[in-house]
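Engineer: Handing you this structure, nothing more for now.
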Amino acid sequence: MQDWMDATDIAFPHLGIYLENVPKNFTVFGFTIAFYGVIIGLGVLAGLLMAVRNARITGQNPDDYWDFAIYAIIFSIIGARIYYVVFAWDRYKDDLLSIFNIRNGGLAIYGAVIGAFTTLFLYAAVKHRNPFQMGDTAVPGLILGQVIGRWGNFMNREAFGQYTDNLFAMRLPLEAVRSSDISQSISEHILPGTNYIQVHPTFLYESVWNLLIFFLLMFFYKRKKFHGEICLLYFAGYGLGRFLIEGLRTDQLLIPGTYVAVSQVLSLVLCLAALSASLILRRLLRQGKLPRLRLDVETQKASGTCKDSGTQKDSEE
C-alpha cells in the first residue's frame with residue numbers, strides 16, 4: 001500500500017483493497033447528483049418493495065403501503081434532518097440556510113425511524129388499519145433500506161470510527177473528510193510522510209449487522225405469534241448493534257452539555273424496552289390472555305408449512 005493517497009481514493013490495506021477515484025458526485029446533463037442521495041433512494045425503494053411483497057404474502061392490500069410510503073418518505077427525511085440539526089446545532093447556527101442542504105449528508109437514522117413510525121400510527125388511525133400489523137410488514141423493508149443506505153456514508157467518507165489496525169481498517173485521505181470528525185486518537189496515529197487516516201469502517205459494521213437483523217426478521221416474520229412482535233425484534237436487534245457500534249464513532253451526536261452520545265442512550269433504551277415488552281407479551285400469550293395469530297395460507301406456503309392452494313387473510317384464534 002502506498003504512503004500517499006489521492007483525494008478520491010479509499011483503501012482497506014489489510015484486505016489488499018485499494019479503490020481509486022471513488023467520487024462523491026456525478027453529473028448528468030450539467031446537474032450534479034450526490035451518490036449519497038442515490039444510494040439512500042435505492043435503499044428506500046428496496047425497503048418499499050419488500051414491504052409490498054410482505055403485504056401480498058399476508059393477504060393485505062399492497063396499495064396501503066404504496067400510499068403510506070409517500071407520507072413516510074417525506075416525514076422520515078424531515079425527521080432525520082431535524083434530529084441531526086438539533087444535536088449538531090453548532091454546525092448550523094451561523095449558517096441557517098445550510099440546514100436545507102442535505103446533499104453532503106447530515107441525516108440521522110433515528111430521526112428517520114421516529115418520523116416513519118409517527119407517520120405509521122397516524123396513517124393507520126386515519127385508514128383504520130392495525131398499526132402493529134403494518135409495522136411488522138414494513139420493518140423488514142426498513143432494515144433492508146438501512147443496509148443499503150449505510151453505503152451512502154461510505155461514498156461521503158463519513159460515519160467512521162476511531163483509529164484501528166484490525167483486519168477491516170479503512171484508510172481515507174485527510175482532505176476527503178471533515179476535520180471535525182478527526183479525533184485526537186486518530187491524529188496521533190497519522191504517520192509522518194502520509195496524508196491519510198486509518199479508522200474503523202463503522203458504516204460497514206452497521207451495514208453487515210443490519211443484514212443479519214434483516215434475515216432474522218424474515219425468519220421470524222413467518223413464525224410470529226402476535227402483531228408487533230417483528231417491530232419489537234427490530235428495535236431490540238438494531239438497538240443492540242447501534243449501541244455497540246456508536247461507541248466507536250467520532251461523529252457522535254451528543255446530548256447538549258454532556259459527552260454522552262444520544263444515539264447510544266436511545267439505542268440502549270429501545271433495546272431494553274423492546275426485550276421487556278416482548279417477554280411480557282409472550283408471557284401473556286402463554287397464559288391465554290393475548291390472542292394467538294393464525295398464519296394465513298400464503299405465509300404458511302412461504303415458510304413451507306402448508307400445501308393448501310387456497311387463500312386466507314390473517315386472523316386471530
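Where a number appears in this text, it was derived from the coordinates with a stated rule and is not lab data. Predicted model, so just to flag it, every value in this text is computed and none were measured. Please note: Cβ atoms are built from the backbone with ideal geometry, for glycine as well, and neighbour counts cover all protein chains shown.
Engineer: Only counting other Cβ atoms within 10 Å, I'd like Thr202, Thr32 sorted with the fewest neighbours first.
Structural biologist: On the way: Thr202 25, Thr32 10.
So the ranking, lowest neighbour count to highest, is Thr32, Thr202.
Engineer: Moving to a separate point now. Label points 7 Å out from Cα along the Cβ direction at Leu211 and Asn195: separation in nm?
Structural biologist: So the label points at Leu211 and Asn195 sit 3.3 nm apart.
Engineer: So, one more: Check every DSSP H run in the chain and write down those whose alpha carbon atoms cover 30 angstrom or more along the long axis and whose mean Kyte-Doolittle hydropathy is -1.0 or greater. Spell out each step's value before the answer.
Structural biologist: Working: long enough: 35-57 (33 Å, 1.57); 62-87 (36 Å, 0.97); 131-156 (35 Å, 0.28); 262-286 (36 Å, 1.56).
In the chain, the long hydrophobic H runs are 35-57, 62-87, 131-156, 262-286.
Engineer: What's the extension gain from Leu268 to Ser187 if we count 0.36 nm per residue and subtract their Cα-Cα distance?
Structural biologist: On the way: separation 81, 0.36 × 81 = 29.16 nm, distance 2.97 nm.
Going from the current span to full extension adds 26.2 nm.
Engineer: Next question, about the same structure. Modelled label-to-label distance, Leu174 and Leu284, 7 Å Cα→beta-carbon offset: nm?
Structural biologist: Placing both labels 7 Å beyond Cα along the Cβ direction yields 5.8 nm.
Engineer: Next question. Could you order the peptides 220-227, 12-19 from most to least packed, using the average number of other C-beta atoms within 10 Å per residue?
Structural biologist: Top to bottom by mean Cβ count within 10 Å: 220-227, 12-19.
Engineer: Counting only C-alpha contacts under 8 Å and six or more residues apart, can you give the relative contact order of the chain as a whole percent? Intermediate results must be reported in sequence, preceding the final value.
Structural biologist: Values: 497 pairs, mean separation 62.3, N = 317.
Computed value for the chain: 20 percent relative contact order.
Engineer: Working out 0.36 nm times the residue gap between Val260 and Thr8, then minus their Cα-Cα distance, what length gain in nm do you get to one decimal? Display every interim value, and only then the final one.
Structural biologist: Values: separation 252, 0.36 × 252 = 90.72 nm, distance 3.27 nm.
That works out to 87.5 nm of additional length.
Engineer: Sticking with this structure for a sec: Sort Ser278, Ser187, Ser179 so the one with the fewest other Cβ atoms within 10 Å of its own Cβ comes first.
Structural biologist: Values: Ser278 18, Ser187 11, Ser179 7.
So the ranking, lowest neighbour count to highest, is Ser179, Ser187, Ser278.
Engineer: Based only on other Cβ atoms within 10 Å, what is the fewest-to-most ordering of Glu246, Glu206? Can you show the working numbers first?
Structural biologist: On the way: Glu246 21, Glu206 24.
So the residues, fewest neighbours to most, are Glu246, Glu206.
Engineer: Which of these values of Kirkwood radius over Cα pairs in Å was calculated from the structure shown: [x] 20.7; [y] 21.3; [z] 19.3?
Structural biologist: Checked against the structure: label [y].
Engineer: Can you bin the range 1-82 into rounded, prolate or oblate? Criterion: square roots of the alpha carbon gyration tensor eigenvalues sorted a ≥ b ≥ c, rounded for a/c under 1.5, prolate for a/b above b/c, oblate for the rest.
Structural biologist: Details: a/c = 3.16, a/b = 2.09, b/c = 1.51.
Because a/c hits 1.5 or more and a/b exceeds b/c, the range 1-82 counts as prolate.
Engineer: Looking only at the range 82-119, which residues have a backbone nitrogen under 14 Å from a spot 7 Å from the Cα of Lys24 in the C-beta direction?
Structural biologist: The answer is 101-107, whose backbone nitrogens lie closer than 14 Å to the label point.
Engineer: What percent do you get for the relative contact order of the range 134-221 when only Cα pairs under 8 Å and 6+ apart count? Don't jump to the answer; show the numbers that get you there.
Structural biologist: Working: 96 pairs, mean separation 37.6, N = 88.
Relative contact order of the range 134-221: 43 percent.
Engineer: May I pose another question? Quick query: amide H of Ile197 versus all other amide H atoms, modeled in the peptide plane; which residues come in under 5 Å with a sequence gap of 5 or more or a different chain?
Structural biologist: The list, which skips near neighbours in sequence, is Leu172, Leu174.
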